[in-house]
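A.B. asks: Following this message is one structure expressed as structure tokens.
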Amino acid sequence: MNIQQAKEEIIHTIHAYTAKDEAGNYRIPPLRQRPILLIGPPGVGKTAVVEQAAAECGIGLVAYTITHHTRQSAVGLPVISHKIWQGREYTVTEYTMSEIIGSVYETMEQTGCREGILFIDEINCVSETLMPTMLQLLQAKRFGEYRVPAGWVIVTAGNPREYNASVHEFDMVTLDRVKKITVEADYDAWLSYACGHDIHGSILFYLDGNRGNFYHISGSGENRQFLTARGWEDLSVVIREYEREDIPVTPGLIEQYLQCPEIAADYFGWYQLYGRCGEKLRLKESWEGRLNRKEREAQKEAVRLSGWEERLCVSRYFTEKLTGMLEESEREEALCRETERLWQRFLGQVSEMNGIPEQFRGWLRKENHALEIKSEQGLVDEGEERGTRQALYVLRALYLELAGRQEGTGEEWEARAAVWLQKRQNDHRERDRERQEKLSDTLRSLSDTLGTGTEFVSLLSAMAVNQDCVRFLIRHPCSVFAGYASLLQVDDRRRRLQQVFEKD
């Protein structure tokens, strides 16, 4: 199965394993809760989908790359103790709690999550001394003397032997105790992910025309050449930053991420073509609304007469711009919600209404300090940390606004803050109205320019699988998009999107 199907299977397994009866007991007893074993090529996204599954299910996550650990950290340290059996005293060896099991309990204490995922990566690449411990984990859900807490689902991952010479094959007895999921690299599945994660348009432009180059491994040893999903995504990130800083993107940079010289050179040619098409067809000027009517008509005619590569370039360019615009809206929406949540939490802790500014300053200091501690201990994911940090930055601006005003009663301070926050919300709503108009105008223009063929449907499909785009369209229904929705091949997700528009 592909990586998105594997993610759905993990989520379904979590729901099944954590379901309880009326008495509060797990319907599937822990003994029958088989660990999940993900086997797939490197860089395909196994770790990412486990993190996403935990976040979507609202449960805890403890992740370890087991090849980074010794037997002592996995099993625990030996401790000499004394036992009396049948009247005689014996010296015996016991073990402290496994560092991994200890981390599970620590996460439960810190996050309040009693259920979660214990993720062990590279499980079939451990040393000979750790292999019995991994077999014990899969067969008995134990590390040494200590059992994995009830409610925690074990998910493991590894690579097939052809990708890693240090792989240990599991025997039939072990495989008969796990849910083995074989994951394969699949461009269409990755494309759904890419459309929601700001992958550079030139990469999607290239892979649309060269699907066979999405994932590639050949040779061995020093002559091994490879391309992975991770490599494409990391390349996208660095290209965006290079372009932002006006640093030239060179073939040498590409080869650092796409470790197959022939394909790296091929992609660089398409990257240059993507840029040339944008300049030739004046796509940036079109997006920014800097073309007059005569220039727009000339542009449309040029696109109509262009080859499939240039038409695909137009589709990917505007896909990137539209999804980026709606993703920005969702970030603003999330920031407004988080800012309001934190402000209401502060108000709930105010001890003296007349001293709001000073109390607010102290509260902000404590919240920033608490966030730093959570970040250092790995108790908050990157997205949540960024959102909270941005909200605290906004609230600091609110504090400066309040501190610069004359004295007043507690109710007056609260009213001033409410007005300030409402203005930010209104500004966001106005930008969303402009985005809604921009979306409608762009779709009309593109359908007129590209027609309603493959390139235009590709753009609609990318928006339909982008969660931020879907959320925006639910908040701000777009009749133009709804009118074109029938062009999509209606899979389950797109059917749900159409139903939303029908209700509206």
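A.B. asks: How do the peptides 81-89, 105-113 rank, highest first, by the average count of neighbouring beta carbon atoms within 10 Å per residue? Provide the component values of the computation, followed by the final result.
C.D. replies: Numbers: 81-89: 7.7, 105-113: 14.2.
Descending mean neighbour count gives 105-113, 81-89.
A.B. asks: Quick test of your reading: applying the under-4.7 Å Cβ rule, which cysteines of the chain are isolated?
C.D. replies: CYS57, CYS113, CYS125, CYS195, CYS260, CYS336, CYS469, CYS478
A.B. asks: Moving on to the next point. Taking region 3-184, how many lysine pairs are there with alpha carbons less than 29 Å apart, if each pair must be eight or more places apart or span two chains?
C.D. replies: Lysine pairs meeting the criterion: 15.
A.B. asks: What residue among LEU204, LEU305, GLY269 has its Cα farthest toward the positive end of the dipole of region 196-319, where the charges are +1 on Lys, Arg and -1 on Asp, Glu, each on the Cβ?
C.D. replies: With unit charges placed on the Cβ atoms, the residue in question is LEU305.
A.B. asks: Separate question: Enumerate the whole-percent occupancy of each 5 Å bin, from 0 to the last occupied one, for all C-alpha pair distances of region 3-184.
C.D. replies: Reading the bins upward from 0: 1, 8, 16, 19, 20, 15, 9, 5, 3, 2, 1, 0, 0.
A.B. asks: Let me see the P(r) profile for region 153-306: every Cα-Cα distance counted, bins of 5 Å, each bin given as a percent of all pairs.
C.D. replies: 1, 7, 13, 16, 14, 13, 12, 8, 5, 4, 3, 2, 1, 0, 0
A.B. asks: I would also like to ask the following. Distance between Cα centroids, region 252-292 to region 98-127: provide it in whole Å.
C.D. replies: If you average the Cα positions of each part, the centres end up 43 Å apart.
A.B. asks: For VAL167, what is the net charge nearby, where nearby means another residue's Cβ is under 15 Å from its Cβ and Lys, Arg count +1, Asp, Glu -1?
C.D. replies: Details: positive: LYS46, ARG161, LYS180; negative: ASP121, GLU122, GLU128, GLU162, GLU169, ASP171.
Around VAL167, the surrounding residues sum to -3.
A.B. asks: OK, next. Are there any helices in the chain, counted as whole DSSP H runs, that stretch 27 Å or more along their axis by Cα and score at least -0.5 on average by Kyte-Doolittle, and if so which? Working shown, then result.
C.D. replies: On the way: long enough: 261-280 (28 Å, -0.64); 308-349 (61 Å, -0.93); 356-376 (30 Å, -1.12); 382-403 (31 Å, -0.30); 410-450 (59 Å, -1.68).
Length and hydropathy pass: 382-403.
A.B. asks: I need to check one value: relative contact order of the chain, counting alpha carbon pairs closer than 8 Å and at least 6 residues apart, in percent.
C.D. replies: On the way: 591 pairs, mean separation 66.5, N = 504.
The normalised contact order for the chain reaches 13 percent.
A.B. asks: Would you tally the net charge around SER81, using a Cβ to Cβ cut-off of less than 14 Å, leaving SER81 out, and scoring K and R as +1, D and E as -1?
C.D. replies: On the way: positive: LYS83; negative: GLU89, GLU94, GLU145.
Local net charge: -2.
A.B. asks: Right, here's the next one. What residue among VAL173, VAL394, ASN223 has its Cα farthest toward the positive end of the dipole of the chain, where the charges are +1 on Lys, Arg and -1 on Asp, Glu, each on the Cβ?
C.D. replies: It is VAL173, whose Cα lies furthest towards the positive end.
A.B. asks: Still on this structure, I have one more. So for the pair SER127, ALA403, with labels modelled 7 Å out along Cα→Cβ, what separation do we get in nm?
C.D. replies: 5.3 nm
A.B. asks: Report the FRET efficiency, 1/(1 + (r/R0)^6), for GLN272 and GLN86, where r is their Cβ-Cβ distance and R0 is 60 Å, rounded to 0.05. Provide the component values of the computation, followed by the final result.
C.D. replies: Numbers: r = 83 Å, r/R0 = 1.38.
Once the sixth-power term is evaluated, E becomes 0.15.
A.B. asks: Once you keep just the Cα pairs under 8 angstrom separated by 6 or more residues, what percentage relative contact order results for region 3-184?
C.D. replies: Details: 307 pairs, mean separation 57.7, N = 182.
Reported relative contact order: 32 percent.
A.B. asks: Here is a further query. Would you kindly state how much longer the chain becomes between THR65 and ARG345 on full extension, computed as 0.36 nm times their sequence separation minus their alpha carbon distance, in nm to one decimal?
C.D. replies: Details: separation 280, 0.36 × 280 = 100.80 nm, distance 3.71 nm.
Going from the current span to full extension adds 97.1 nm.
A.B. asks: Quick one: dipole size for region 1-53, taken about the Cα centre, charges +1 on Lys/Arg Cβ and -1 on Asp/Glu Cβ, in debye to the nearest 20.
C.D. replies: Numbers: 6 positive and 5 negative charges, 30 e Å.
I would put it at about 140 debye.
A.B. asks: Note down the nm distance, to one decimal, between modelled labels 7 Å out along Cα→Cβ at SER306 and at ASP381.
C.D. replies: In this crude label model, SER306 to ASP381 measures out at 3.7 nm.
A.B. asks: Taking square-rooted eigenvalues a ≥ b ≥ c of the alpha carbon gyration tensor, is region 276-353 rounded, prolate or oblate, where a/c under 1.5 means rounded and, failing that, a/b exceeding b/c means prolate? Walk me through the numbers before you get to the answer.
C.D. replies: Values: a/c = 6.58, a/b = 3.55, b/c = 1.85.
Prolate shape, in that a/c is at least 1.5 and a/b is the bigger ratio.
A.B. asks: Output the peptides 317-330, 219-232 sorted from most to least packed, where packing is the average of other Cβ atoms within 10 Å over each peptide's residues.
C.D. replies: Values: 317-330: 20.1, 219-232: 15.0.
Ranking, from highest mean packing down: 317-330, 219-232.
A.B. asks: How compact is region 329-430 by the rule of thumb for globular proteins, expressed as Cα Rg over 2.2 N^0.38 Å?
C.D. replies: Ratio of Rg to 2.2 N^0.38 Å for region 329-430: 1.10.
A.B. asks: Moving to a separate point now. Might you report the magnitude of the Cβ-based charge dipole of the chain about its Cα centre, with Lys and Arg at +1 and Asp and Glu at -1, to the nearest 20 debye?
C.D. replies: Numbers: 63 positive and 78 negative charges, 163 e Å.
Roughly 780 debye, rounded to the nearest 20.
A.B. asks: Sticking with this structure for a sec: Could you check what % of the DSSP bridge pairs in the chain are antiparallel, to the nearest 5? Can you show the working numbers first?
C.D. replies: Numbers: 15 of 34 bridges.
Close to 45 percent.
A.B. asks: Any chance you could check the Cα centroid distance between region 189-211 and region 411-468 for me, in angstrom?
C.D. replies: Value for the Cα centre distance between the two parts: 22 Å.
A.B. asks: For region 329-430, what relative contact order do you get, as a whole percent, if you take Cα pairs closer than 8 Å and at least 6 residues apart?
C.D. replies: On the way: 56 pairs, mean separation 43.5, N = 102.
Normalised by residue count, the contact order of region 329-430 is 43 percent.
A.B. asks: Show that you can apply the helix-only estimate: for the chain, add -39,500 (n - 2.57) for every DSSP H stretch of four or more residues, divide by all residues, and state [θ] at 222 nm to the nearest 500. Let's see the in-between values first.
C.D. replies: Numbers: 21 runs with 302 residues, N = 504.
Taken over the chain, the calculation gives -19500 deg cm²/dmol.
A.B. asks: Next question. With Cβ to Cβ distances under 10 Å as the rule, what net charge do the other residues near THR323 carry (K, R +1; D, E -1)? Spell out each step's value before the answer.
C.D. replies: Values: positive: LYS321; negative: ASP198, GLU320, GLU327, GLU328, ASP468.
Value of the local net charge: -4.
A.B. asks: Sticking with this one: Please compute the length gained on full extension between ASP21 and GLN110, using 0.36 nm multiplied by the number of residues separating them and subtracting their Cα-Cα distance. Don't skip to the answer; put the middle values down first.
C.D. replies: Details: separation 89, 0.36 × 89 = 32.04 nm, distance 2.69 nm.
This chain segment gains 29.4 nm when fully extended.
A.B. asks: Moving on to the next point. Using modelled amide H (1.01 Å from N, peptide plane; none on Pro or chain starts), what sits under 5 Å from the amide H of TRP152, excluding residues fewer than 5 places away?
C.D. replies: Distant-sequence amide H within range of TRP152: GLY116.
A.B. asks: Would you mind checking region 416-459 for residues with the amide N under 11 Å from a putative spin-label position 7 Å along Cα→C-beta of VAL480?
C.D. replies: Residues 435-448 fall inside that zone.
A.B. asks: Give me the Å³ per residue figure for the convex hull around the C-alpha atoms of the chain. All intermediate terms of the calculation are to be shown ahead of the outcome.
C.D. replies: On the way: hull volume 112.9 nm³, N = 504.
Output value, Cα hull per residue: 224 Å³.
A.B. asks: Here's something else I'd like to know. Equivalent-ellipsoid semi-axes (√(5λ), Cα gyration tensor) for region 333-372, whole Å, largest first? Could the numbers behind the result be given before it?
C.D. replies: On the way: eigenvalues 69, 38, 11 Å².
Ellipsoid half-lengths, sorted descending, are 19, 14, 7 Å.
A.B. asks: What are the lysines whose alpha-carbon lies under 19 Å from the alpha-carbon of LYS438, with same-chain residues fewer than 8 places away excluded?
C.D. replies: List returned: LYS284, LYS300, LYS321.
No value in this document is a laboratory result; all are computed from the given coordinates. Note that the structure is a prediction, hence the values are computed from the model and not measured. Counting neighbours? That spans all protein chains shown, and the Cβs are built from the backbone with ideal geometry, glycine included.
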